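Structure first, commentary second.
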Amino acid sequence: MTSILSSELETELRDGAEYSPELDQLMRKARKASNFLKALSHENRLLLLCLLAERERSVTELENILSLRQSAVSQQLARLRYDGMVDTRRDGKTIYYSLANEDVRRVISVVYDIFCAPVEAADKK
């Protein structure tokens, strides 16, 4: 694993430096990561993202799979869209949702592999 802080910055911080552009940038990235993880911290949003990791889906499909009301699904999808985690595509009256970008896909892929992947017959024992 690579070091988060350069050795120069670590020395500056130990010596009492009050401001560092590198630390400022690191703090912005930490805030972005925190917001990303907060979006994942809701059970239904996480389920939606795991389903969207498989392929794009409509609200109706997601409702039926999760046995949730349309309003509940739409509310969580709106939050994910606001957080930049999902994109939409309209086809007539139907809106399809998909993962927004490669960063989201990579993180959800790891979460999906650990928590959402179908259970193998051997794992059922």
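Throughout, read-outs are computed from the coordinates displayed, never taken from laboratory work. Predicted model, so just to flag it, every value in this text is computed and none were measured. When we count neighbours, we look across all protein chains shown, and the Cβ atoms used for this are built from the backbone with ideal geometry, even at glycine.
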Arg81 to Arg28: extension gain in nm, 0.36 nm per residue of separation minus the Cα-Cα distance? 17.0 nm
What nm distance separates the two modelled labels at Thr11 and Asn64, each placed 7 Å from Cα along Cα→Cβ? 6.4 nm
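Calculate the translational D of the range 43-115 in whole µm² s⁻¹ from Stokes-Einstein, where the hydrodynamic radius comes from the Kirkwood formula applied to all Cα pairs, the temperature is 37 °C and the viscosity 0.692 mPa s. Before the final figure, lay out each step's value.
Working: Rh = 12.1 Å.
Approximately 270 µm²/s, per Stokes-Einstein.
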Additional length obtainable on full extension of the chain from Lys93 to Ser74, 0.36 nm per residue less Cα span: 5.4 nm
